[in-house]
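Structure first, then comments.
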Amino acid sequence: MGSISSHICRACGTRFTARGGGGFFFDLLHCDRCGATRSIGHQELGDVHLGFVKGLPGPYALARAGIDRRIRETYEGKPLTRDEYHAAAEATLDACPCGGRLTYGAPARCPGCRSTPEQWDEDPDGAQIFYD
Ligand SMILES: [Zn+2]
Ligand SMILES: [Zn+2]
């Protein structure tokens, strides 16, 4: 489930929106240094994502159960665990322009002071959007 939420940073007062989660057809990664967001399409990942779907005990998401079943029946490659999938997907990405690495584990950061979500309040006047 993907979302866009509005925040106010308690550390520096900046108001901003942050994207969280991934979607049915893409994943969301952050730079481990500056927190920049990068989405990566499952199509773009090709075999890496097919191997992950094959390694899952059930459908990746109910909305795409049909696609996932077809992948499991037709994909000939090796099934991947979540960790193997994340490592392989991260390896396909170039480094962030700041020099950091884009990873699944890195948190989003405030654009003003690079604080992490523990230091943010929800902006009561801002938009909270959920997609997928
Ligand atoms: Zn960066
Ligand atoms: Zn801040």
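The values are calculated or read from the model by the stated rules, or taken from the named source; none is laboratory data. Bear in mind the structure is a predicted one, so any value in this text is a computation, not a measurement. Heads up, the Cβs are rebuilt from the backbone with ideal geometry, glycines too, and the neighbour counts pull from every protein chain shown.
Quick notes on this one:
- Number of positions in the range 19-61 that are under 15 Å from residue 109 (Cα atoms) and either within 16 Å of ligand 1 (Cβ to nearest atom) or at pLDDT 90 or above (or both): 12
- Within the range 108-128, the set of residues being in a loop (DSSP other than H, G, I, E, B) and either touching a helix residue (DSSP H, G or I) at 6+ places or on another chain (Cβ under 7 Å) or of a type outside the set (Asp, Glu) (or both) comprises 108, 109, 110, 111, 112, 113, 114, 115, 116, 124, 126, 127.
- Checked against (1) touching a strand residue (DSSP E or B) at 6+ places or on another chain (Cβ under 9 Å); (2) surrounded by fewer than 18 Cβ atoms within 10 Å (Cβ to Cβ), residue 83 meets all criteria but (1).
- For the range 27-49, residues that are free of Cβ contacts under 8 Å to residues at least 60 places away in the same chain and either surrounded by fewer than 16 Cβ atoms within 10 Å (Cβ to Cβ) or in contact with a Cys (Cβ under 6 Å, 6 or more places away or on another chain) (or both) total 6.
- Test result for residue 16, closer than 23 Å to residue 107 by Cα, modelled with pLDDT of 90 or more and either within 16 Å of ligand 2 (Cβ to nearest atom) or small (Gly, Ala, Ser) (or both): yes
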